[in-house]
Amino acid sequence: MKKITLLSCFLLVSCMLSAQGIRIYKTDGTSTDMPIGEIDRIECIEDLRFDETDYSKEVLSMYVTNLGYTLPGDREPRNAVGVKLVDEAGREVMQAEGGIRVRGNSTSTLEKKPWDLKLNEKASLLGMPKDKRWVLLANYWDRTNLRNDVGLEIARRAKGMAWNPRSQFVQLYIDGKYEGLYLLCEKIKSAKSRVNITEMDASATKEPEVTGGYILEFDYTDDEKTYRTSTYGYDVKIKEPDGATKEQEEYIMTYLNTLEQVMKNPSQVKQQGYGKFIDVSSFIDFWLVGELVMNKDFNGPASCYMYKDRGGVLFAGPVWDLDLYTFSAKVHNVNSFLLKDYCLYYRELFSDPNFVKQAKERWKTLKSSLEDGYSIYDYIDDRCRLISDEVADDDAAYPHRKYGNTLAGDEKVSHAEAVGMMKDFLTARISALDKLIGSL
């Protein structure tokens, strides 16, 4: 029996009950049928209620006020601010109070800053589910301004991962000064509408409570407390719970170290012993998305997020940081694998014929989701049209912007040409992966 969770019973979907089952109508015009015999219960989650307005048709302006003259860095206290969203007709659609600070590592040193926003109260921003925590990505190194947005859309179509951040574009103003075109994203955190895991506190020190939930980031940067796995030597950050106790640290690192011992043993891998520790579908789709957009940061590993719920196994995802060196046929050889033999545990996983078989099947599903119906190319065209004027404003605001020489190979062309290169890359990469994955 299945539990059906309706993402806002009134605003996101409408449904029709009959003797045969339930039909759910989505805002994109599609519908899903579910036989009554497969339904255990139906739930409505209030926090998932969306705004009815379709914000994918215009770029709203976000005004942040009372920031002052200081720029607090990542993980430092936020400056108290007022936040409001205004549509193209000048109508105020949201007003709130909260705090803001600069986020990121290398990107925090750039003239166009990325921001971390925390509202005092949960709010739905631009049609996305209610929450307090949001991220404003500057896309400073991205000529298309679309790599993160398109990469996240691809990840959302890879259904093996339960959740990947939603995003919308905004024009950002801070204390009246135009800061540029930004991508407003959901922050990776535990919540019913995001990474849906059990939230832990300091009292969770024994099983089963200590078994989850955790959000982890495999990343080699030294910007916060980092742990190292014993076999592969990967650097890991415990993003949640915040301020993990000694018992929680020991539990999750022992879990990872035991997983690595299994991965290092070829006989255990071929016996699929790893299945006791990881969710295979999420690991395959995480790899497929990274391989498709050619995100070499995952080889670090860097910005590789995973999570583990109470009593559950380790899930790969959500994906993050998809704007550097991605979608580029000039930087990468599109006709070869980038991640299979270098990223995390995939070299070992691909030594198992059963894992390979599942990867082949999931690639067909992902490819279909990108090419059939409202294709990823349709999505890119719509997003390009949406932000074309705003990209010109953004370019004018940063006339001395330096994209570099090897970030994607599109640094010296127009925005439209850069987007065309992105689409050409995807066509070539999809064709190449068809052959590469088919020959495994």
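When Lys and Arg each count +1 and Asp and Glu each count -1, what net charge do the other residues less than 13 Å away from Glu97, Cβ to Cβ, add up to? Spell out each step's value before the answer.
Working: positive: Arg78, Lys84, Lys118, Lys122, Lys132; negative: Glu121.
Around Glu97, the surrounding residues sum to +4.
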Q: Give Lys113/Lys423; Lys57/Lys189; Lys132/Lys192; Lys159/Lys357; Lys192/Lys239; Lys122/Lys225 a once-over and call out the pairs whose C-alpha atoms are over 22 Å from each other.
A: Lys113/Lys423; Lys57/Lys189; Lys122/Lys225
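What shape does region 55-186 have by the C-alpha gyration tensor, where a ≥ b ≥ c are the square roots of the eigenvalues, rounded means a/c under 1.5, and otherwise prolate means a/b greater than b/c and oblate the rest?
The shape class here is rounded.
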Q) What is the local net charge at Glu240, summed over the other residues whose Cβ is closer than 12 Å to its Cβ (Lys, Arg +1; Asp, Glu -1)? A) +2
Q: Give, as a single signed number, the net charge of other residues whose beta carbon lies under 11 Å from the beta carbon of Glu217, with Lys and Arg counted +1 and Asp and Glu -1.
A: -4
Q. Taking the highest mean first, how do the peptides 319-327, 357-365, 208-216, 91-99 order by number of other beta carbon atoms within 10 angstrom per residue?
A. 319-327, 208-216, 357-365, 91-99
Q) What nm distance separates the two modelled labels at Val93 and Ala392, each placed 7 Å from Cα along Cα→Cβ? A) 2.3 nm
Q) Relative contact order for region 95-216: what is it in percent, counting Cα pairs under 8 Å that are at least 6 residues apart? A) 17 percent
**Q.** Neighbour-count ranking [beta-carbon atoms within 10 angstrom, fewest first] of Lys225, Lys112
**A.** Lys225, Lys112
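Taking square-rooted eigenvalues a ≥ b ≥ c of the alpha carbon gyration tensor, is region 75-143 rounded, prolate or oblate, where a/c under 1.5 means rounded and, failing that, a/b exceeding b/c means prolate? Mind dumping the intermediate values first?
Details: a/c = 2.07, a/b = 1.38, b/c = 1.50.
Cα axes put region 75-143 in the oblate bin.
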**Q.** Candidate lysines - alpha carbon under 18 Å from Lys206, same-chain residues fewer than 8 apart omitted
**A.** Lys246, Lys308
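None of the figures in this text is laboratory data; all of them are computed from the coordinates on show. Computed from a predicted structure; not experimentally measured. Backbone-built Cβ (ideal geometry, glycine too); neighbour counts: all protein chains shown.
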